[in-house]
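Q: This is the structure, below, for whatever I ask next.
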Amino acid sequence: MDELKVSGKPFVISKWEVQEAYRRVKANKGAAGVDGVSLTVFEEDLKNNLYRIWNRMASGTYFPPAVKAVEIPKAHGGVRILGVPTVADRIAQTVVAMELERRVEPIFHPDSYGYRPGRSALDAVGQARRRCWKSDWVIDLDIQKFFDSVPWDLVVKAVQAHTDLPWVVLYVQRWLEAPLQHADGTLQQRDRGTPQGSAVSPVLANLFLHYAFDTWMVREFPTVQWERYVDDAVIHCVSERQARTVLAALTDRMSEVGLQLHPDKTRIVYCRDGKRRGGFNTTEFTFLGFTFRARGAGQARQELHVVPARDQQGSIDPDQYAGAELAAAQAYRSGVHRPRTLDESHRAGLDPVLRRLLQVGVVPPPATHQCLPDALDPQEVQTAACVHEGPGVLAGGYHSVPPHVRPLGGDARGLVTRMTRAV
């Protein structure tokens, strides 16, 4: 694998690229595809398996297998279909995704946050929160079944505009056309869409929406600000009239590029709070797992409040979280009034949930004697949150962190930093 390039093949693809793609797939883990081969089994003959991928891709003879369709039930009914490629196919897709990302990442808009290096959903939520304080109206935008509906011809056209490598275009076309295989073994042929869950889908989705939405918004409404995380977006407007104008134009634009706005999830929202008391039917919205709404009557501050999204029963909305984060969020919710000690697996799982809240300042700061349930014991919270002791810890260059303040699965200094900033 130390030889970078080999001649005699139709396409010049480095073996190092395949090796790096494998490293990324391994870091992301993931389940087996339709062949039932897990990452552990794949690694039993790693050298030959990687060589086989490189040889077929460089020869132009790589054809992707079917994508395993996995149904994920939604809390409010229906299912979400995720596509799970085989381990080998994820590696091959990552080779192409790395090449394409290198070319298109520099041209992406700064307010596009989904699946981009150095950007996160938290960044998008934080920016939306700041802009909601300044603009009274929001368009809560949702593209209906985006990953199932995106037109192939426009995706390929966008790819061709940014690469002169024929193998990148060739394999993108083949992955778009790969069928879905359901649990009963039936194959579903498709004529549009890119499976949500495949390694190459994020960059294809961002590239398509860069032209379908981002550059169009800049051209047609240059003064209107927005945040987009793949197919979810928030658009900030100064008046209801402007919001209706932008939404009508966007509806036509999505139709032009073969998409449709979700009729129920796309709506105009008035950012009502203590200082903005106008009347409007819709005064809250959810973006990337957080609900933007006015604070309750008993809460001191008057600005727009941002809290984790919950379902109608008041529980953490499972549509907004996944895996360990969902279990941890539910544990956090269940213990709000009953502080107790969690085992280490739940303690570590709660870390990403608390990080979300603390980094964007979406929860009131913990009081000096308040315990964060299911996370830290009272002494730990008191030390981290105390307005007198916390800044002193930071001023000491992170070297004087009390020994009883420990992370939830991460670095102790970073935890104290985030909690102190929330005060």
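Q: With a ≥ b ≥ c the root eigenvalues of the C-alpha gyration tensor of the stretch 92-223, is it rounded (a/c under 1.5), prolate (a/b larger than b/c) or oblate?
A: Prolate.
Q: Using a/c under 1.5 as the rounded threshold, could you call the stretch 108-174 rounded, prolate or oblate? The axes a ≥ b ≥ c are square roots of the C-alpha gyration tensor eigenvalues, and prolate needs a/b larger than b/c, oblate otherwise.
A: Prolate is the answer for the stretch 108-174, as a/c is 1.5 or above and a/b outweighs b/c.
Q: How would the stretch 1-115 be classified by its alpha-carbon gyration tensor: rounded, prolate or oblate, with rounded meaning a/c under 1.5 and the a/b versus b/c comparison settling the rest?
A: Verdict is oblate for the stretch 1-115.
Q: Can you list, largest first and rounded to whole Å, the semi-axes you get for the stretch 76-118 by taking the square root of 5 times each eigenvalue of its Cα gyration tensor?
A: The equivalent ellipsoid of the stretch 76-118 has semi-axes of 25, 20, 6 Å.
Q: Using only Cα atoms, figure out Rg for the stretch 52-146 and give it as a multiple of 2.2 N^0.38 Å.
A: 1.51
Here, each number is a calculation from the coordinates, and none is a lab measurement. These numbers come from a predicted model, not from an experiment.
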